[in-house]
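Values in this text are rule-based calculations from the coordinates and carry no lab data. Since we're looking at a predicted model, the values are computed, not measured. Cβ: placed from backbone, ideal geometry, glycine included. Neighbour counts: every protein chain shown.
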Amino acid sequence: MIKLAVSGCQGRMGQSITRLALQDKAFKLSALLEHKDHPKVNQTEHGIAISADNRVLKGCDVLIEFTTPQATIENLQACLDNHVKMVIGTTGLQPEQAARIKEAAKRIPIVYASNMSVGVNILFKLTQIAAQKTGAGYTIHITETHHVHKKDAPSGTAKTLAEIAEASSKSKVKNIESRREGEVIGDHSVLFESEEDIITIAHHAKNRDIFAKGALVAAKFLAGKSKGLFNMQEVLGLN
């Protein structure tokens, strides 16, 4: 049984991960983390005290982290100190913060991905194939739409799509269009346009469970790992 910790447990993603983990016999929920100013800190949920002190990670097997860049890096150090594996879905990290994750992966196993959903990772693979086949003969456009509460733009998923498309086509993505509307969970489209046609590859997220389920798959994947940096393509066998 995997002793699981969830960071940002009162956020939308944290609540989805917690609910699904409680339904999965592979996991034992062992720690719940929130920022120190959250009104529910020190209250109890599911028999576990919600804590702002990441020392509660001691004894846990895996931490799932969908929070802020600053909190992620702070909890990364706590995981190093306590030999806890990590699944990181936080977006908006700066290059130096991403570099710290890469360095930490020399000591603990980490799955770090801009998007944990199976569907989006299939989108990544299809984008790679399309970009390889169309090459410089097509102009590439990317659009992404999320809820108005999302702080970073473009989304981490859109940036990953651009990186994949550019590496595979050997040409630059023309533009990434970001929209923030209502409570949209996440929509992403990649368009390959030539003078003759347009190829569109798209993904629409209906609810957050797709990301939470992917994060739990990643946590299970880490069970047999001692160190290393992995992405969801590797977790899902799509690489």
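Rounded, prolate or oblate: which one fits region 118-205, using the alpha carbon gyration tensor with axes a ≥ b ≥ c (rounded when a/c is under 1.5, else prolate when a/b beats b/c, else oblate)? It comes out prolate by the Cα gyration axes. What do you get for GluC sites (Glu not before Pro) in region 140-202 restricted to DSSP loop and a cutoff of at most 16 other Cβ within 10 Å of the site's Cβ? Those that pass, being in a loop and sparsely packed, are Glu181, Glu183, Glu195, Glu196.
Within region 46-99, list the GluC sites (Glu not before Pro) lying in a DSSP loop whose Cβ has at most 12 other Cβ atoms in a 10 Å radius. The qualifying sites: there are none.
Compared with the dominant Cα axis of the chain, that is its longest principal axis, helix 69-82 is turned about 50°. Can you tell me the orientation of helix 118-134 relative to the chain, as the angle in degrees between its alpha-carbon axis and the longest Cα principal axis, to the nearest 10? With rounding to tens, the tilt is 30 degrees.
Counted residue by residue at 0.36 nm each, then reduced by the alpha carbon distance between them, the extension gain from Asn239 to Gln94 reaches 49.7 nm. Angle of helix 156-169 to the longest C-alpha principal axis of the chain, folded into 0 to 90 degrees and rounded to 10: 40°.
The sum of -39500 (n - 2.57) across all DSSP H runs of n ≥ 4, divided by the residue count of the chain, sets its helix-only mean residue ellipticity at 222 nm to -10500 deg cm²/dmol. Stretching the chain fully between Ala136 and Glu181 yields a gain of 12.9 nm (0.36 nm per residue, less the alpha carbon separation). Extension gain for Asn207-Ser226 works out to 3.6 nm (0.36 nm per residue, less the C-alpha to C-alpha distance). For region 1-96, the list of trypsin sites (Lys or Arg not before Pro) that fall in a loop by DSSP and count at most 15 other C-beta atoms within 10 angstrom reads Lys25, Lys36, Lys40, Lys58. Electrostatic bookkeeping for Leu222 treats Lys and Arg as +1 and Asp and Glu as -1; over the other residues with beta carbon under 13 Å from its beta carbon, the sum is +2. Mean projection of the Cα convex hull over all viewing directions, computed for the chain: 12.9 nm². Take the Cβ atoms of Asp81 and His35, set R0 to 25 Å, and the FRET efficiency comes out at 0.80.
Between Thr44 and Ile129, the distance separating the two model label sites (each 7 Å from Cα on the Cα→Cβ line) works out to 5.2 nm. Report, in listed order, any pair from Lys36/Lys159; Lys58/Lys206; Lys25/Lys125; Lys25/Lys213; Lys36/Lys213; Lys25/Lys225 with a Cα-Cα distance greater than 25 Å. Result: Lys36/Lys159; Lys58/Lys206; Lys25/Lys125; Lys36/Lys213 exceed 25 Å.
Computed from label points 7 Å out along Cα-Cβ, the spacing between Arg55 and Leu191 is 5.5 nm. Compute the distance from the alpha-carbon center of region 132-207 to that of region 43-96, in whole Å. When both Cα centres are located, 30 Å separates them.
Within the chain, DSSP assigns beta bridges of which about 40% are antiparallel (rounded to the nearest 5).
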